[in-house]
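Chemist: Okay, here's the structure, questions in a sec.
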Amino acid sequence: MSYPNPSQQPQQPPWQQLQPGQGFPTPQPAWGPGTPTGHPGGHVPPGGGGRGSGRNRWLIPVAAATAVAVMAGTVWASISLVNFGGPQPETVLPGNSVAFGKVDLSIDGNQAIELLSFLDQLPDEITDEMDDTDGEMNELFADVFTEIYPDTRKSSVEEWIGDRVGGALWPTDNTNASEDTGVAGAVALAVENERLAEEEFDSLSTDQEMDYEVVPGFVLISYTGAALSDLHDQVDEHGTLEDAETFSADMNSLPSGSLASTWTDYGAALEVEELAQDFQTDVGAEPVDLEGRLTASLRVDGDYLEVRSDLLELHVDGEDMSWLSNTSNEAVDAIGQLPESSVAAIGASGMDTALSEAYDNGSLDFVLDDRDFQMMESDLNSIGAHLPEGFGALLGSTTAYGITGMDGEDFFQGTSEVPFEYRAVGGDEEVLNDFVSELVGDPFTQPPGVNSDGDDVVVTRGSAPTGVLGDDPVFQQTMQEMDDSFVAGYVDLRQILEQDMDVDVPEQWGAFGVAVSVTEEGGRITGELRWAPSGGE
């Protein structure tokens, strides 16, 4: 059967290279060209949609926070009614899939408690605008479904729709199924009443380009009947994703209580000629060989909302990430030593040793091209920071940088007068002084001061309070359980939103935190991004 065409699919995010300390490659959407991105199971790229004005544009994590808040608001009435069992989308999708994503709102009791605790932390500006709801969790999917299909009634949809949805892309030689893209895709939407679900879809207009099929526990949705037929052929040949050993191991390593998760196998995806061509176009003229897998998840802790990404067995042009195993886990402690007035801070530990090894074995080639690398090396040689020893002279064993105050005009226009503090444990004071005065100094302003504080070399501009950031309760709330990270960052939303922003109670917005850690062998690189609100008291 056919059904109405959802909204047009936005362009897929580009493949990206990993750069140390700068995040992770953007995972590809888990559904193929022409698939229903507007559907409840659709993948919405970050930053999608129009921009608001006034205060709405400063509700920084609004979409995620509001969704989680609404979910939390349903818990009181629905916690005893939630179905904790039932099949997962991976049980009906092909085992040779190269990308997968799902949302699972069938929370258990522990998750319910965490959601309610997080709700208590949200700023009043979010909770005051939340609608009271006394329904079950699948009301969220019913709301989305009726928005996509305005001719349906929410009360009718609630009778059959489930609380899980997932989708996948898999390679295929069937050109009708792939529409000449080399991959086919489908969405699996959980249903609680298969008969009512089929009646609902039967009642929808048939003058569209999508097809569906109701199977035990799910309605399968794709852009052609050929794709759905190919799905069954692939399952017959490769089994389901649930039975795929690598996929299951990767997904089982995700944090418990994840509300949404994705998985991508870059190596397998790039074996598809069409995907490899698109990837090569995105990364530029120089061929790049990328292997590895990525998982991502969204979960709620009582104190924060967290997005986590894990890069597994990453290789770029044959080089693995083992050199990162020489880092240490003192990044959070490093930024905790910055002044308590720090608006934004970043820290790293053990990067001097890791970068020295990467320099020696050529692993930095994919970070900087030859011309940029030669320019950097020449500049550092001019101040006596000869590589690879120069990494230690500039960075020390641990490094932290923080913006220690805000003037609205200077901060947002990025002028050179923004106050800051830089700390390098075991750094070389003479080299850092030359670096500041000769390479980054402004001839029209007073250069920052360079001094020693015990084992630390400290570079400062402006004055700062005597307290340290690590004593701030919001910092502690945000950065808790991140002690094993070699790179960490912190942004104090309270101070930022005080700068002429139309937000009623800036101190309720808390902070953002980010951390990157690596296993001893470098086989797993984990990134965590958190928002820890401090309102609701």
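The values are calculated or read from the model by the stated rules, or taken from the named source; none is laboratory data. What you see is a predicted model; the values in this text were computed from it and never measured. FYI the Cβ positions are ideal-geometry reconstructions off the backbone, even for glycines, and counts take in every protein chain you see. With ligands, DNA and RNA removed, areas are computed over all heavy atoms of the protein, side chains included. Shrake-Rupley method; radii C 1.70, N 1.55, O 1.52, S 1.80 Å.
Chemist: Given labels modelled 7 Å from the Cα in the Cβ direction, how far is it in nm from Ile113 to Asn193?
Modeler: Roughly 3.4 nm, to one decimal.
Chemist: Something else now. Would you mind pulling out the separation of the Cα centroids of the stretch 484-510 and the stretch 162-194, in Å?
Modeler: Their Cα centres are 40 Å away from one another.
Chemist: Can you sort Asp471, Asp456, Asp320 by 1.4 Å-probe accessible area, starting with the largest?
Modeler: So, going from the largest accessible area down, we get Asp471, Asp320, Asp456.
Chemist: Still on this model: Select from Thr264, Ala186, Leu220 the residue farthest towards the positive end of the dipole of the stretch 164-312; place +1 on Cβ of Lys and Arg, -1 on Cβ of Asp and Glu, and compute about the Cα centre.
Modeler: It is Thr264.
Chemist: How high is the FRET efficiency between Asp455 and Glu271 when r is their beta carbon distance and R₀ equals 45 Å, given to the nearest 0.05?
Modeler: FRET efficiency, Asp455 to Glu271: 0.35.
Chemist: Give the ranking of Arg371, Arg299 by solvent-accessible surface, highest area first, calculated with a 1.4 Å probe.
Modeler: Sorted descending by solvent-accessible area, the residues read Arg371, Arg299.
Chemist: Please report the accessible area of Tyr401 (heavy atoms, 1.4 Å probe, ligands and nucleic acids excluded) in Å², nearest 10.
Modeler: Accessible area, nearest 10 Å²: 90 Å².
Chemist: Turning to a different aspect of this structure: If you count only protein heavy atoms with a 1.4 Å probe, what accessible area per residue comes out for the stretch 199-287, rounded to a whole Å²?
Modeler: 48 Å²
Chemist: Just to be sure I understand the model, the point goes 7 Å from the Cα along the line to the Cβ. What's the resulting Ser156 to Glu520 distance in nm?
Modeler: Each label point is offset 7 Å from its Cα along the Cβ direction, giving 6.1 nm.
Chemist: Quick one: if you stick a label point 7 Å off each Cα along the C-beta vector at Asp483 and Ser378, how many nm between them?
Modeler: 4.7 nm
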